[in-house]
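**Student:** Let me give you the structure first, and then I'll get to my questions.
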Amino acid sequence: MLKVKKILCPVDFSEGSYKALEMACGYADHFAADLILVHVVAPVPTTMAGPEPAMAFDVNSYEGHLMKTNEKHIKKVAEERVPDDINVKPMIVRGDPADQIIRTASDEGVDLTVIASRGHASFKEMLFGSVAERVIKHSKNPVLSVREDI
């Protein structure tokens, strides 16, 4: 029997991820498990239009701003959407979403990951695969995929 002490739920602030969070809270309550909420800030792509860009853009400063803003947002989600009797740890990490979700699950010793998935694939997802699909395929722990359209 699967012993569930820690549950990871990635949140991208979409309604689908909130649906997965609702399910993760139900499991956390049932198993008296800790809940880890993680939001991944993807790196900002940098390109140079020419030898001298017309306007300098400080990518590091912008990414720092994104980290701070999303840290506040994930804490607010934890306060508003996770029942008080569930021990919750909100986290912000930076990097490729699927890779960071898998890494966080491993680093935190997670027993179950509850992740949202779309019911239909976009053209981009058909070519490159979705984050949920990559997490399911490469995760070392069980993953529960929650369809957005159910």
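**Student:** Identify, by number, the condition in (1) of a type outside the set (D, E, K, R); (2) surrounded by 14 or more Cβ atoms within 10 Å (Cβ to Cβ); (3) over 18 Å from Lys19 (Cα atoms); (4) at pLDDT below 90 that Phe123 doesn't meet.
**Tutor:** (2)
**Student:** Out of all the residues in the stretch 94-106, is one or more part of a strand (DSSP E or B) and either of a type in the set (Gly, Ala, Ser) or modelled with pLDDT of 80 or more (or both)? Steps first, answer last, please.
**Tutor:** As a first pass, look at the stretch 94-106 and keep what is part of a strand (DSSP E or B): 94.
Right, trim to either of a type in the set (Gly, Ala, Ser) or modelled with pLDDT of 80 or more (or both) and you get 94.
Checked the stretch 94-106: at least one residue is part of a strand (DSSP E or B) and either of a type in the set (Gly, Ala, Ser) or modelled with pLDDT of 80 or more (or both).
**Student:** Now, a different point. Starting from the stretch 49-71, take each residue that is within 18 Å of Pro97 (Cβ to Cβ) and list its partners that are modelled with pLDDT of 75 or more and outside any loop (DSSP other than H, G, I, E, B), counting only C-beta distances under 6 angstrom and pairs at least six apart or across chains.
**Tutor:** Between residues of the stretch 49-71 that are within 18 Å of Pro97 (Cβ to Cβ) and residues that are modelled with pLDDT of 75 or more and outside any loop (DSSP other than H, G, I, E, B), the close pairs are Leu66/Val41; Met67/Val41; Met67/Ile92; Asn70/His39; Asn70/Val41; Asn70/Ile92; Glu71/Ile92.
**Student:** From Ile92, Ile101, which residue is on the phi < 0 side of the Ramachandran plot and either in contact with a Pro (Cβ under 9 Å, 6 or more places away or on another chain) or of a type in the set (Ser, Thr, Tyr) (or both)?
**Tutor:** On the way: Ile92 fails: either in contact with a Pro (Cβ under 9 Å, 6 or more places away or on another chain) or of a type in the set (Ser, Thr, Tyr) (or both).
Only one candidate qualifies: Ile101.
**Student:** Sort through Glu22, Glu63 and tell me the only one that's acidic (Asp, Glu) and modelled with pLDDT of 85 or more.
**Tutor:** Numbers: Glu63 fails: modelled with pLDDT of 85 or more.
Glu22 is the lone residue from the list that is acidic (Asp, Glu) and modelled with pLDDT of 85 or more.
**Student:** Which one is nearest to Thr104 (Cα to Cα) among residues in the stretch 9-26 that are more than 11 Å from the chain's Cα centre (by Cα) and among the acidic types (Asp, Glu)?
**Tutor:** The residue in question is Glu22.
**Student:** Going residue by residue through the stretch 32-44, is there one that turns out to be at pLDDT below 95, over 19 Å from Arg134 (Cβ atoms) and touching a helix residue (DSSP H, G or I) at 6+ places or on another chain (Cβ under 7 Å)?
**Tutor:** Yes, that holds for at least one residue.
**Student:** Return the residues of the stretch 27-48 that are touching a residue at least 12 places away in the same chain (Cβ under 8 Å) and either acidic (Asp, Glu) or over 18 Å from Val110 (Cα atoms) (or both); say none if nothing qualifies.
**Tutor:** Those that are touching a residue at least 12 places away in the same chain (Cβ under 8 Å) and either acidic (Asp, Glu) or over 18 Å from Val110 (Cα atoms) (or both): Asp29, Asp34, Val41, Ala42, Pro43, Val44, Thr46.
The values are calculated or read from the model by the stated rules, or taken from the named source; none is laboratory data. Values in this document were obtained by computation on a predicted structure and should not be read as measured data. Counting neighbours? That spans all protein chains shown, and the Cβs are built from the backbone with ideal geometry, glycine included.
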